[in-house]
Amino acid sequence: MIKSLDDRVTLNNGTTMPGLGMGVFQIPNEQTAQVVAEGIKAGYRLIDTAQVYDNEAGTGAGIKAGLAATGLKREDLFITSKVWNDHLSYDETLRAFQDSLAKLDLDYLDLYLIHWPGQDAFRDSWKALEKLYHDGKIKAIGVSNFQISHLKELAEFAEVMPVVNQVETHPKLSQTELIEFATAHNLKIQAWSPLMQGKILNNPVLIEIAQNHQKSVAQIILRWDIQRDVLLVVKSVKPARIKSNAEVFDFELTAAEIAKINELNENLRVGPDPDTFDF
C-alpha cells in the first residue's frame, strides 16, 4: 500500500511506478499543457494519456513546462500512453507508437498499454509492444480494459507479460475477481474513472463515511482504492481538486467502512463492456 504521492510500486519487470497519478482523459489539447504542468508542480509524477485522447501534444508541452518549473528531470516522471489498437497490424502499431512519441516530444515511454482487447484485436499489437520493449523504447508494457479471458488468451502467446491492467473500477464496479486473478499473476490493477465520472459522489453511504473523517467523498473513494492496493489515475482541470485528490494519506478507513463501501458493488459500468466493445 502506498504511503504518499511520491511512493512507487515495483512492477513484475522491476520497473517502479507511482501509485497515484494524473490522467488527462477528455481534456482538450489546448488546455492539457497547463493541467499537466499544474499536476507536476502539485507533486504528481505519473502522467497518463492515450493516442485516442488527442492531447498527447499538450501533454508533452505540459511535461516540459512542469519540469522547467520544478527543476525535475525526465527520469523523475513516469509517462504512460496507450495505442488505439483497432485491429492494427504489427507495423501499424509501431507507427502509432512513433507518432505518440513524436507528439509527446519524448525519447521513450515508461509504460505503453493496449487500450482495449476488442474482438481478436490485440495479438499483432502485443507483438509490436514486445519489440518496442526489447528495443528500449518502452520501460514496461501492459494492457487496459482486459477481462480475465483476455489475460488468459494473451498469456498463451506473450513472451513478455503485462505489468499493468488499467480498468474501470469504483465502488459500483469493485472488480474483486479480476483483482484477485491479477494479484495471483503478479499483475497490478490500475483504476481509471475511480470516481465513476462523478456519478457516485452523492451516495449517502460514502457521504456519511466522508463526514466521519472530515474528508470529501472523492477522497474516501481514492483511499478505499489505496487500501485495497489498486493503483490510481485521477483527473481534474481544477488546481484545488488536483491538490485535494492527493490529500489521501493522512487517514485510514476502518475495516467496517471498507466493508460498507464493498457492499455498494453492482457490477455497474460507466464505460463500454470489454467483452462486447470493438472500437
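Data overview
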{"item": "Qualifying residue in the stretch 47-57 (condition: farther than 22 Å from ASP107 by Cα and at pLDDT 95 or above)", "result": "no"}
{"item": "Given (1) charged (D, E, K, R); (2) modelled with pLDDT of 95 or more; (3) surrounded by fewer than 23 Cβ atoms within 10 Å (Cβ to Cβ), number of the condition ASP6 does not satisfy", "result": "(2)"}
{"item": "Leading residue by the ranking (surrounded by the fewest Cβ atoms within 10 Å (Cβ to Cβ)) among those in the stretch 33-50 that are closer than 24 Å to GLY142 by Cα and of a type in the set (D, E, K, R)", "result": "ARG45"}
{"item": "Test result for GLY23, crowded, with 23+ Cβ neighbours inside 10 Å and under 17 Å from ASP105 (Cα atoms)", "result": "no"}
{"item": "Top-ranked residue in the stretch 73-89 [being touching a Lys or Arg at 6+ places or on another chain (Cβ under 8 Å) and surrounded by 14 or more Cβ atoms within 10 Å (Cβ to Cβ); ranked as nearest to TRP192 (Cα to Cα)]", "result": "PHE78"}
{"item": "Set VAL217, VAL237: member being within 26 Å of SER4 (Cα to Cα) and touching a Leu at 6+ places or on another chain (Cβ under 7 Å)", "result": "VAL217"}
{"item": "Flag for SER144 being among the hydroxyl-bearing types (Ser, Thr, Tyr), out of contact with any Pro (no Cβ under 8 Å at 6 or more places or on another chain), modelled with pLDDT of 95 or more and farther than 27 Å from THR10 by Cβ", "result": "no"}
{"item": "Residue satisfying all of: in the stretch 116-125; surrounded by fewer than 22 Cβ atoms within 10 Å (Cβ to Cβ) and either touching a residue at least 40 places away in the same chain (Cβ under 8 Å) or touching a Leu at 6+ places or on another chain (Cβ under 9 Å) (or both); farthest from LEU46 (Cα to Cα) among these", "result": "GLN119"}
{"item": "Matching option when the condition is in contact with an Asp or Glu (Cβ under 7 Å, 6 or more places away or on another chain), at pLDDT 95 or above and crowded, with 18+ Cβ neighbours inside 10 Å, among ALA218, ALA191", "result": "ALA191"}
{"item": "Selection count where residues are out of contact with any helix residue (DSSP H, G or I) (no Cβ under 8 Å at 6 or more places or on another chain) and either small (Gly, Ala, Ser) or within 22 Å of MET17 (Cβ to Cβ) (or both), scope the stretch 77-106", "result": "4"}
{"item": "Any hit, the stretch 91-112, residues being within 23 Å of ALA246 (Cα to Cα) and modelled with pLDDT of 95 or more", "result": "yes"}
{"item": "Members of the stretch 90-107 that are in contact with a Gly (Cβ under 8 Å, 6 or more places away or on another chain) and crowded, with 16+ Cβ neighbours inside 10 Å", "result": "LYS103, LEU104, LEU106"}
{"item": "Long-range neighbours under 8 Å by Cβ, at least six apart or interchain, first residue in contact (Cβ under 8 Å) with a residue 24 or more places away in the chain within the stretch 102-114, second of a type in the set (Asp, Glu) and crowded, with 21+ Cβ neighbours inside 10 Å", "result": "LYS103/GLU56; LEU104/GLU56"}
{"item": "When residues of the stretch 33-64 are limited to those that are polar (S, T, N, Q) and within 17 Å of the chain's Cα centre (by Cα), the one farthest from LEU5 (Cα to Cα)", "result": "GLN51"}
{"item": "Qualifying position, being of a type in the set (S, T, N, Q), touching a residue at least 40 places away in the same chain (Cβ under 8 Å), surrounded by 15 or more Cβ atoms within 10 Å (Cβ to Cβ) and over 25 Å from ASP48 (Cβ atoms), among ASN203, ASN212, ASN262", "result": "ASN203"}
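For every residue, the table says whether it meets (1) in contact with a helix residue (DSSP H, G or I) (Cβ under 7 Å, 6 or more places away or on another chain); (2) over 22 Å from MET22 (Cβ atoms).
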residue: ASP110; (1), (2): no, no
residue: GLN119; (1), (2): no, yes
residue: ARG123; (1), (2): yes, yes
residue: TRP126; (1), (2): yes, yes
residue: HIS134; (1), (2): no, yes
residue: LEU154; (1), (2): yes, yes
residue: LYS172; (1), (2): yes, yes
residue: ILE189; (1), (2): yes, no
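The values are calculated or read from the model by the stated rules, or taken from the named source; none is laboratory data. Predicted, not measured: the structure shown is a model, and the values here were computed from it. Using ideal geometry, Cβ is built from the backbone for each residue, glycine included, and neighbour counts are taken over all protein chains shown.
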